[in-house]
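Step one of this worksheet: look at the structure below.
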Amino acid sequence: MMNRLIVTECVDPWTNLAVEETLCDTQEAGGATMYLWQNKNTVVIGRSQNAWKECRVELLEGEGGKLARRSSGGGAVFHDLGNLNFTFVLPREGYDLSRQFSVIANALSRFEICSVVSGRNDLVLDTGE
């Protein structure tokens, strides 16, 4: 069983999403991978979404933003350098969303940064408000 952490400085959404998909396709049985990545000014949509209904494509491109489609489902999200994306790749039986969130939250707490699970799949800073 091999566990690994991959951190990239690449901010290109198409490269980052391709890496994520490759990690999913090549993960060793029993191992786990944590992939940390950022995209610069990007709207990412799910595989079944209509881009023209989810964002103002012309405005996005006119402002230098990018539109990318991930191979999984889910809603449209905006990525910029103010957020950090994390992907856990592991066997289906090892998937536990609360456990994966706790890995990130525990790491943040070591730097005295409080976080809270918010929304469906977000971990945000806890400002105490």
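Just so it is clear, none of the values below were taken in a lab; they were calculated from the coordinates. Values in this document were obtained by computation on a predicted structure and should not be read as measured data. In this analysis, Cβ positions are derived from the backbone assuming ideal geometry, glycine residues included, and neighbour counts consider all displayed protein chains.
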Quiz item: Amide H of Arg4: which non-local residues (sequence gap of 5 or more, or other chain) have their own amide H closer than 5 Å, using H built in the peptide plane?
Solution: Ala32, Thr33, Met34
Practice problem: Using only Cα atoms, tell me the angle between helix 97-109 and the longest principal axis of the chain; keep it within 0 to 90° and round to the nearest 10. | Solution: 80 degrees
Quiz item: For the chain, modelled as a Gaussian network with Cα springs under 10 Å, which listed residue fluctuates most, Thr33, Thr22, Thr42?
Solution: Thr22
Quiz item: Which whole-number percent is the relative contact order of the chain (Cα, under 8 Å, 6+ apart)?
Solution: 24 percent
Quiz item: Over the chain, one equal point on each Cα, no solvent: what is log10 I(q)/I(0) by the Debye formula at q = 0.11, 0.14, 0.17, 0.19 Å⁻¹?
Solution: -0.44, -0.71, -1.03, -1.23
Quiz prompt | Segment Thr8-Ala76, extension gain: residue separation times 0.36 nm, minus the distance between their alpha carbons | solution = 22.2 nm
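What is the extension gain from Arg92 to Ser48, computed as 0.36 nm multiplied by their sequence separation minus the C-alpha to C-alpha distance, in nm to one decimal?
Details: separation 44, 0.36 × 44 = 15.84 nm, distance 2.25 nm.
My answer for the length gained is 13.6 nm.
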Practice problem: Starting from the Cα-Cα distance between Gln27 and Ser118, subtract it from 0.36 nm times their residue separation and give me the gain in nm to one decimal. | Solution: 29.9 nm
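In region 1-50, what GluC sites (Glu not before Pro) fall in a loop by DSSP, with at most 12 other Cβ atoms inside 10 Å?
Values: sites: Glu9, Glu20, Glu21, Glu28; in loops: Glu9, Glu28.
Within region 1-50, the qualifying GluC sites (Glu not before Pro) (loop, at most 12 other Cβ atoms within 10 Å) are Glu9.
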